[in-house]
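None of the figures in this text is laboratory data; all of them are computed from the coordinates on show. Computed from a predicted structure; not experimentally measured. Reconstructed Cβ throughout: ideal geometry from the backbone, glycine too, with neighbour counts over all protein chains shown.
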């Protein structure tokens, strides 16, 4: 693998772009093995290693690591950890380390979903985060957007964040969950929605849904959740806010 990788690097740096370059390279290797081997017999291993290292270093993109650090640091951490593990232990261990870190970071991110109150932007039908934009909201309506699938890894986080938001808004009469970013709800997520619906009902608050995607709606309609839900399912957030804003 290392030999193939280093040869590919040298081939690319030499200008090879088509399969013909591989044929030429194979021919040169055969001629070298048959007739030129004695010339390389006394060459120190350190010199051969230096040739391989120089050829490989040329295709390592360190600039991408810096860019990834600015955008999504977990990618840079995974890349560096994989590189160091390959150098210290071996290729297979390094690949396993990289895959394990990628999975761990994915689970960590999805288990801490972004949940934010949204409001109407000026007189448009667009809704954005109330923390970042100057939007119109209503004291008796809490329109909350969940930016992640709802599954066993984040149900407790979602439930706790929703309840904290409602506790900070004592005048809330309606909770609207904007599900535009939700592509899947598993059994744990469905059980959490049942609990949220029941807890809000005890507090005199109605639960509504908006922008539920078809696959998710099919999941919900396969149960009795929609029938037991205290509120309604709206096609768009705009339609929901127009309707709920009139319910004081």
**Prompt:** Roughly how many whole Å is it from the C-alpha centroid of segment 203-248 to that of segment 26-66?
**Reply:** 64
**Request:** Compute the semi-axes of the equivalent ellipsoid of segment 115-244, taking the square root of 5 times each eigenvalue of the Cα gyration tensor, and list them largest first in whole Å.
**Result:** 22, 16, 14
**Request:** Using only Cα atoms, tell me the angle between helix 155-167 and the longest principal axis of the chain; keep it within 0 to 90° and round to the nearest 10.
**Result:** 40
**Prompt:** Which of the peptides 158-170, 36-48 is most tightly packed, and how do the rest follow, going by the mean number of other Cβ atoms within 10 Å of each residue?
**Reply:** 158-170, 36-48
**With Cα atoms, 0 to 90° folded angle of helix 19-31 axis to the chain main axis** = 30
**Fill in**
With Cα coordinates, the longest principal axis of the chain makes an angle with the long axis of helix 91-110, in degrees rounded to 10, of 10
**Message:** Explain nothing, just the number: relative contact order of the chain, from Cα pairs under 8 Å at least 6 residues apart, as a whole percent.
**Reply:** 12
